[in-house]
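Data block below; observations after.
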């Protein structure tokens, strides 16, 4: 007798674990707990661990679930693990931060899990509808998380802006999906590719427009210029741990969906996409880096920096093919870790509810708190692409893929940008080691979970720089699922 | 002989860094000094052991690779963390650890009263680690790790006295200017790996002749990009401006990093990649011309500087120019030879200058020195040796190496380069003896207060000076000219640079012309020396008269041709303004506007709807739409 539904429950495990965890957390709200209870974080960690364990158990197999709308392949496995890792680190960094900021509610972690599930769905979707579903699940959770400090005006403002613009961008995406469906008669990525293969319809304006609007929608999520305006405001206003989480996770999820879409469904559209992507990549790197130069607010600076990093990933996407896709995946993993680490340290600054985020607040910390300053310095060097950190390996691999794909001018723009970017990353180091604080040096809050989170990010940032081999191999394996 | 244990050479200083971090201030000053010097001294011992092991091998087997681990493997491209010992890297590790050790010892005296004693040696050891990684790497990627590492340490050490704003600024400048060079280096590496598929020296150099058309555009561009990297690190035109500012760092740092070792990394890299450069004659010409131009240009600026360390800084730039000149004309061996002798006498000059500065309570202005010969006899004697060596008087070290460079330029038919080099030699002798005379001879112009504290430096500083003085005297003898089949140094480097090495592509000169060349260069040096004595000792009014005769020239030299100001106006300010414009546009017009708007609204009423209509979020949405429209238009045009 055949089972009622033919489902690989392990492959579906992350979804079950995360939604189960989220629901449990919501229910937990009814059981009173102290203001400093850690149960929310513990439940969240447990669900993330369960999700990762499930997907790891079946990481060798390939499955298509729900009539092929959801695939479980090497690509899904890689990103599921990455998202679980990002979320777990964010939980560690948030652990005491939320208590300090008086926002220690179970919903915080429930939303975090929901957003993570959305990201996983985005990376695993083999259908435009499920991509949209995942994207909305992630976005709605993030809108609330950005505004989670209800008593703070900036937090509200950021959430409102992010929400309005996000809704606007979703409109573009949905309209694009509709047009693609109209042009090809399907929303399923593989069927779309089969329909388009060798079809004379490739220059159909409906199809081109559809593809383009989808690009706008995803471009918004990864904060590519000119769809990036929300980024500095949202990043600055959001609770710092949320900023770290979304700067890593949401970006990676957007790129995961974009990569699958570009490589599985629309490989034949590459020719018409390429010039657009090249322009967007060059603009994104340049605007991000040049604007970051003069920022005095650390969170805002890192926001612009994260825009620039989206540009580097786009360079890899432009390079295309096996190498390009692997480079993009590789870079996303590295970027996520170093960026999370940097935001994690920012979240550690300050005591109680105050949040020092100006560059000048870092003055003198180099000697008052050498370990913290050292870690922040490494993250900055890595973001700036200085060897032997992981950031260098990421850039090297991205640019190498692009050179091999013949994108020489774009690589020159990219390398030039990474030269410019050093300037503002260096300002952080200068503030740490070479400036005297105006009064007392900034206080650093104590939090063992957050320190563990930072140390893990730091160790990986260094390890992947010294021993890039293992991660590269995984990145290459992951994109084999798409080819 | 067993394996030479190459990895331990860079690992020792790194271990000292780790230990110092772990133990912290419990180590005390003595402990710190012993740890730092001991690690570098042990490195030197291992370097000697490795070099001896190498020398014991037959000539064709003088290349030992030690793989530490597989770094990465991507398709057909792989890179290892691996070390290469061959005659070239052997010379480099000996110079780096040897001179480095002496400077470490000197620093224990020089920095004795500094509150950040431990931090200083921490950075210094970290530098040694990076530099040794750089010269021992067996592929360009690992070399780049060291390359960036030394840059970082240089930045930390220039800005060591960070409470001085000028020091912090100088550190930043050095780092950023170097990044411009790195931009070239990175692109060059990417080009090489694309065409040859490898960055490992052996594979790269053996694949290059097949992968590239000799003299073609691809190899020319790739090597020029590498050379751009070298101009950054080795302070050549156009990226030399950071080096004079780098003198803000403690003087032992100037000696170690900005004279003897780090700044020669560019020369080393070009020499290491000589087989690539030989495929691109145009690039070699560029190297020769840039080297010669820098040698002359920096020497002219050196004529008019009054800060003792700045004179030495410009002199370093000029001497590095000579090394590139040698590489450019194909005399790579001569370039490395000069690199070595220069490390001896320039380190000595800087350390001597440090001893003077130390004795005069931090006075660096030559106009407030004078007559120090009697007060500081040891410093004076050793400085004099170094000054003669750099001026190029036989039998001091600088003579042999500089002569070999000029010889190479002449023999390869680069008569223009040779003439520029000769002119530079006159200027070098002149400004170096100007420095010597102003500091040590004549009447004292030392301020009262400094005069009061005047003292000769402690033995920990004098002994290294003494050792370096001996090396500056005899260090060149290994390269005595007129020997059949080349001199010992040349023969040592032969496995790297090929048989005939420096002279492979060169016309052999008759002994008579060779003698003539030597005589011309010695006469040139003597001319410079005599003129310096006349203008600054016998007849001080001569210098003044010259200054008054050509005030414009003097002003130009004092202001260093206004290059700093020019770069500021052409590069720094436009970038600054662009960033500010982008920033103002968003942050002030739109974001601040939005914030104010939102604030106002929260006080007021009908939040949601009005917010959407204030125009601020609307502006964002408008831009989003405009972006989408621009993309659409692009497609419709197709």
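The table for this structure:
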{"read-out": "Shielding by other protein chains, A:465-478, mean Cβ within 10 Å", "value": "3"}
{"read-out": "Chain B: angle of helix B:165-196 to the longest principal axis, Cα-based, in degrees nearest 10", "value": "90 degrees"}
{"read-out": "Debye-sum result for region A:105-168 in log10 I(q)/I(0), which assumes one identical scatterer on each alpha carbon, at q = 0.15, 0.16 Å⁻¹", "value": "-0.48, -0.54"}
{"read-out": "More than 28 Å apart - percent of Cα-Cα pairs taken over region A:9-480", "value": "47 percent"}
{"read-out": "Shielding by partners, peptide B:621-627 (average Cβ within 10 angstrom, other chains)", "value": "6"}
{"read-out": "Cα-based radius of gyration of region B:243-303 once divided by 2.2 N^0.38 Å, which approximates compact folds", "value": "1.36"}
{"read-out": "Surface/4 of the Cα convex hull for region A:214-315, nm²", "value": "5.8 nm²"}
{"read-out": "Angle in degrees between helix B:616-637 and the longest Cα principal axis of chain B, rounded to the nearest 10", "value": "80 degrees"}
{"read-out": "Stokes-Einstein diffusion coefficient of region A:370-483, Kirkwood radius over Cα pairs, 20 °C, 1.002 mPa s, in µm²/s", "value": "132 µm²/s"}
{"read-out": "Percent RCO, i.e. relative contact order, over region A:9-480, from Cα pairs under 8 Å lying at least 6 residues apart", "value": "16 percent"}
{"read-out": "Inter-label distance, nm, simple model (7 Å from Cα along the C-beta direction), residue B:114/residue B:537", "value": "3.4 nm"}
{"read-out": "Per-selection metrics, the protein assembly as shown (Cα): Rg and Dmax in Å", "value": "31.8, 114"}
{"read-out": "Quarter of Cα convex hull surface for chain B, i.e. mean projection, nm²", "value": "37.3 nm²"}
{"read-out": "Point-to-point label distance, residue B:477-residue B:361, nm (Cα→Cβ direction, 7 Å offset)", "value": "4.3 nm"}
{"read-out": "Calculated log₁₀ intensity ratio I(q)/I(0) where the Debye formula runs over C-alpha points of region B:68-177, q = 0.14 Å⁻¹", "value": "-0.68"}
{"read-out": "Inter-centroid distance (Cα atoms) of region B:285-349 relative to region B:125-158, Å", "value": "21 Å"}
{"read-out": "In degrees, nearest ten, helix A:205-221 long axis to first principal axis of chain A (Cα)", "value": "20 degrees"}
{"read-out": "Within 10 Å of each Cβ in A:226-234, the average number of Cβ atoms from other chains", "value": "5"}
{"read-out": "Span from the region A:120-192 Cα centroid across to the region A:48-65 one, whole angstrom", "value": "25 Å"}
{"read-out": "Radius of gyration and Dmax over the Cα atoms of region B:403-474, both given in Å", "value": "18.9, 56"}
{"read-out": "Overall Cα dimensions of region A:317-358, principal axis frame, Å, largest first", "value": "49, 14, 11"}
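Bear in mind these aren't lab numbers, they're just calculated from the coordinates by the rules spelled out. If you're wondering where the values come from, they're calculated on a predicted model, not measured in any experiment. Glycine gets a Cβ as well: all are built from the backbone with ideal geometry, and neighbour counts include every protein chain shown.
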